[in-house]
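Undergrad: The structure follows.
Nothing in this text is a laboratory measurement; each read-out follows from the coordinates by a stated rule. If you're wondering where the values come from, they're calculated on a predicted model, not measured in any experiment. Methodologically, a virtual Cβ is constructed for each residue, glycine included, from the backbone with ideal geometry; neighbour enumeration extends over all protein chains shown.
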Amino acid sequence: MFHGSIPAPMQAIINEIVRGWKCTDIYVGCSGNFTIEKVLGKDKKFNLHSNDVTIYSSMIGRYLSGERLGITLKPEWLDEFGWLESYMTNDADILATVLLSTRLFEGLGKANPYYERMREAYKNQWPELHGKTADKIRKTELRINSYFCGDVVDWLDNVPADQGVICFPPFFANDYKNMFAKLEEVFDWQAPEYPEITEERKTMLLDKMREKKYWILGVNYRMEGWEQYLRGLTQTTNRGVPIYIYASKTNTRIVQPRQEVEQVTNPRLQRGEKIGNHITLATLNTAQFQALRSQYMNRHIKPGMATVAVAVLVDGIMVGVYALSAAPSMANWSGKIETPHIYLLSDFPVAPTDYKHLAKLVLYAALSSEGKLLAERATNHRVRTMITTAFTNKPVSMKYRGLFNLLARKENPEWAEGQTTADTYYKQKYMLNYAAPMGKWTLAEGLKLWKKKHGGSKHGNKNN
């Protein structure tokens, strides 16, 4: 019902730690979507007190604590969203309206036909969606004893030293603020004034928490000098963000992912071997793709869920892999590409080989007429264009240049000259969006084109 979630293994660790606490009250800072409160509220052992600053969390917190929500539509939005007022007659209905509006307001302010159609469809379905959501809200058994809308660091000053404190501060600056900016734009409420959680404020938060008898802190990095308080580590997916749990005395727990892999027996192109003449495609199951991705893909790239994964073979020898995703996209490229499109999620060659531009051959194969047909079979609809994204410190991606057209170039304001790409793959200077039409050549023609342009290059191939 609420946005976001603390992973289940993390919830289990928190529950285990708190089970040994000898206190009556627990104060949860940066409540977010109230997952911690839901975990702790099941046995009704503690008085629960919550805190946050966003409009989304504050409406939930006020409802769960029995306060009036105190939110209305801003006058300037009545012409467009005045119809929502009939769904805001009591607190449960108001909260349901706020929760559903996080989707209703997506793309608000953008002249985008996709978002306009989505809002119209959402409006048509609103009576049913709102009714079901309001019923769930009324049936929820979770209740909290108090809710504080304001700065978590200042709030901790009023927490008794012999009680419990739990806090998972935002991992990234302005996380929630940006997520719910559209709610703030449309709804009028008494928003709190608070400083941003800078590194200095985080240090103050940690020091104040450690003054309490019972405490749990969750962060996405390992803190120097706090080793004696490290009580847990969870990482629910490979290459996913790890969460470190620091707490007052208790047992230590580690939860890490187990990735299902399956060995692919086809031979791989190796140094000293030449590319053959007969190119084919072969689909891979999830376990096979995960095995190959772990072996050859840049380890700093976060893995996504593929709709279909494909091996590129020449004379039965694997030269590379690519994967496509048909998941809905929030980006709007109308007028710039021919639709429908599909997203190129991953593409990488095997390594090491004698070919510097083997990655280009994988792209030629993905864009072929056979690749287009395979994409259409996987999605059950026509596919005209392939789109992908590259992160690089250069204004163009040499891998995609010549085969794909540049759609957009976004410069990263946090980029710093001289930084390496290790652990900062997504913080490189540019994010580039590329697109290419599919089906302009056959697999055989693509191989011939690649050999003519790149087949003569014999250098150590560095996977990019």
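Undergrad: Figure the gain on full extension for Leu373 and Lys440 (residue separation times 0.36 nm, minus the Cα-Cα span) and round it to one decimal in nm.
TA: Fully extending the segment from Leu373 to Lys440 adds 22.9 nm.
Undergrad: What percent do you get for the relative contact order of the chain when only Cα pairs under 8 Å and 6+ apart count? Present the calculation step by step, with values, prior to reporting the outcome.
TA: On the way: 790 pairs, mean separation 55.2, N = 464.
Dividing the mean separation by the residue count of the chain yields 12 percent.
Undergrad: I've got another one for you. Check each of the GluC sites (Glu not before Pro) in the range 150-230 and keep only those in coil by DSSP with at most 13 other C-beta atoms within 10 angstrom; list them in order. Don't skip to the end; give the middle numbers.
TA: Details: sites: Glu184, Glu185, Glu193, Glu196, Glu199, Glu200, Glu211, Glu224, Glu227; in loops: Glu193, Glu196, Glu211, Glu224.
Those satisfying the criteria are Glu193, Glu196, Glu211, Glu224.
Undergrad: Sort 119-128, 24-33 by the packing proxy (mean of other Cβ within 10 Å over each peptide's residues), most packed first.
TA: Details: 119-128: 12.4, 24-33: 23.2.
Top to bottom by mean Cβ count within 10 Å: 24-33, 119-128.
Undergrad: Counting every Cα pair in the range 279-453, what percent are over 22 Å apart?
TA: Details: 6720 of 15225 pairs.
That fraction is 44 percent.
Undergrad: Which pairs break 26 Å Cα to Cα here: Lys360/Lys410; Lys208/Lys249; Lys38/Lys74; Lys136/Lys182?
TA: Beyond 26 Å: Lys38/Lys74.
Undergrad: Can you list residues from other chains, or at least 5 along the same chain, whose modelled amide H is less than 5 Å from the amide H of Leu284?
TA: Ala309, Val310, Ala311
Undergrad: Quick check for me: using +1 on Lys/Arg Cβ and -1 on Asp/Glu Cβ, what's the dipole size of the range 8-255 about its Cα centre, in debye to the nearest 20?
TA: Numbers: 32 positive and 34 negative charges, 251 e Å.
So the dipole magnitude of the range 8-255 works out to roughly 1200 debye.
Undergrad: Here is a follow-up. Note down the relative contact order for the range 8-255 as a percent, whole number, built from C-alpha pairs under 8 angstrom at least six residues apart.
TA: Once divided by the residue count of the range 8-255, the mean separation gives 25 percent.
Undergrad: Test of understanding: ordering Thr307, Thr54, Thr89, Thr265 by Cβ neighbours within 10 Å, fewest first, what list do you get?
TA: By the 10 Å Cβ count, ascending, the order reads Thr265, Thr89, Thr307, Thr54.
Undergrad: Note the listed values (i) 74, 58, 40; (ii) 71, 59, 52; (iii) 82, 46, 41, then indicate which one is Cα extents along the principal axes in Å calculated from this particular structure.
TA: Working out Cα extents along the principal axes in Å from the coordinates points to (i).
Undergrad: Can you figure out the FRET efficiency of Glu200 with Ala12, using R₀ = 51 Å and their beta-carbon distance, to the nearest 0.05? The partial results should precede the final answer.
TA: Values: r = 33 Å, r/R0 = 0.64.
Given R0 = 51 Å and the Cβ-Cβ separation, E is 0.95.
Undergrad: Is it possible to state the helix-based mean residue ellipticity at 222 nm for the chain, with each DSSP H run of 4+ residues giving -39500 (n - 2.57), the sum divided by total residues, to the nearest 500 deg cm²/dmol? What is it?
TA: It lands at -9000 deg cm²/dmol.
Undergrad: Direction-averaged shadow area of the convex hull around the Cα atoms of the range 8-255, nm²? Don't jump to the answer; show the numbers that get you there.
TA: Numbers: hull surface 58.6 nm².
Projected over every direction and averaged, the Cα hull of the range 8-255 covers 14.6 nm².
Undergrad: What pairs in Lys110/Lys440; Lys44/Lys139; Lys399/Lys448 have C-alpha atoms more than 22 Å from each other?
TA: Lys110/Lys440
Undergrad: What are the ³J(HN,Hα) couplings of the range 69-75, residue after residue, when phi is run through the Karplus curve with 6.51, -1.76, 1.60 and θ = phi - 60°? Round to Hz, x for glycine and proline.
TA: Each residue's phi maps through the Karplus curve to give 6, x, 9, 9, 7, 6, x Hz.
Undergrad: Let me ask something additional. With a point put 7 Å past each Cα toward its Cβ, work out how far Lys45 is from Lys132 in nm, to one decimal.
TA: Between Lys45 and Lys132, the label points sit 3.5 nm apart.
Undergrad: Return the loop-located chymotrypsin sites (Phe, Trp or Tyr not before Pro) in the range 28-75 (DSSP other than H, G, I, E, B) with at most 15 other Cβ atoms within 10 Å of their own Cβ; answer none if there are none.
TA: Sparse-neighbourhood loop chymotrypsin sites (Phe, Trp or Tyr not before Pro): none present.
Undergrad: Separate question: If R0 is 25 Å, what FRET efficiency do you get for Gln295 and Met398 from their C-beta distance, rounded to 0.05?
TA: Approximately 0.60, to the nearest 0.05.
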